[in-house]
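Enquirer: Got a structure for you, questions after.
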Amino acid sequence: MALSNAAAKDVDVELGELIKIRASQINHCAFCLDMHTRDARKHGVSTQKLDVLAAWEEAGPLFSERERAALALTEAITELGDGHVPDEVYQRAAGVFSDRELGQVIAMAVTINAWNRINVAARVQPPTR
């Protein structure tokens with residue numbers, strides 16, 4: 001929890017929830033998706049953004065450049081298909097975030113990936129409401 005809290009410090013809450021939700025979608029973590037979509041709504045993320053988040057690249061101007069850069073970086077960190085984050089993805093994020101903010105976005109993506117993997121491995125399910 002200390003790492004999660006440190007990663008979230010000074011990151012816009014709405015952006016942080018988008019990062020957490022996108023990684024959780026990729027990792028198929030139902031528990032985290034349930035938690036963070038509820039949190040996102042509480043913090044004012046629009047239903048439209050949540051509805052199309054899985055296809056954010058095709059959503060046009062619905063997502064800001066900072067959101068798009070953070071989501072691209074989150075996907076690259078989550079998937080690591082080629083064993084690294086592509087230079088163009090990193091440079092895009094570095095172009096819109098300060099060094100500190102970039103470190104926070106990276107830490108947030110890494111942290112939610114850890115939580116996703118713990119919850120998926122432990123078969124944690126969202127509560128029934």
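All of the numbers you see were taken from the coordinates with simple rules; none came from a lab. The structure presented is a predicted model; accordingly, all values stated were derived computationally and were not measured. Glycine also receives a Cβ, built like all others from the backbone with ideal geometry; neighbour counts cover every protein chain displayed.
Enquirer: What is the dipole size for the chain, taken about its Cα centre, with +1 at each Lys and Arg Cβ and -1 at each Asp and Glu Cβ, in debye to the nearest 20? Please list the in-between numbers first.
Expert: Details: 14 positive and 18 negative charges, 133 e Å.
The calculation lands at about 640 debye.
Enquirer: What is the distance in Å between the Cα centres of the range 101-129 and the range 1-46?
Expert: Cα centres, the range 101-129 to the range 1-46: 8 Å.
Enquirer: Over the chain, consider all pairs of different Cα atoms and compute the Kirkwood hydrodynamic radius from their mean reciprocal separation; express it in Å, one decimal.
Expert: Computed over the chain, the radius equals 14.7 Å.
Enquirer: Which helices, taking whole DSSP H runs in the chain, have alpha carbons extending 30 angstrom or more along the helix axis plus mean Kyte-Doolittle at least -1.0?
Expert: For the chain, where a helix must reach 30 Å along its axis and average at least -1.0, the hits are 99-121.
Enquirer: Just going by the charge dipole of the chain, with Lys and Arg at +1 and Asp and Glu at -1 on Cβ, which of ALA109, SER4, ALA55 is farthest out on the positive end?
Expert: SER4
Enquirer: Now for a separate question. Rounded to the nearest 500, what is the 222 nm mean residue ellipticity of the chain from helices alone, with -39500 (n - 2.57) per DSSP H run of 4+ residues and division by all residues?
Expert: On the way: 7 runs with 89 residues, N = 129.
Calculated mean residue ellipticity at 222 nm is -21500 deg cm²/dmol.
Enquirer: Counting only Cα, what are the radius of gyration and maximum Cα-Cα distance Dmax of the range 1-50, in Å?
Expert: My reading of the Cα-based Rg and Dmax gives 10.6, 31 Å.
Enquirer: For a test of the definition: using alpha carbon positions, the gyration tensor, and the 1.5 limit on a/c, classify the range 33-106 as rounded, prolate or oblate.
Expert: Prolate is the answer for the range 33-106, as a/c is 1.5 or above and a/b outweighs b/c.
Enquirer: Starting with the highest mean, order 32-42, 87-97, 12-22 by the number of other Cβ atoms within 10 Å, averaged over the residues of each peptide.
Expert: 12-22, 32-42, 87-97
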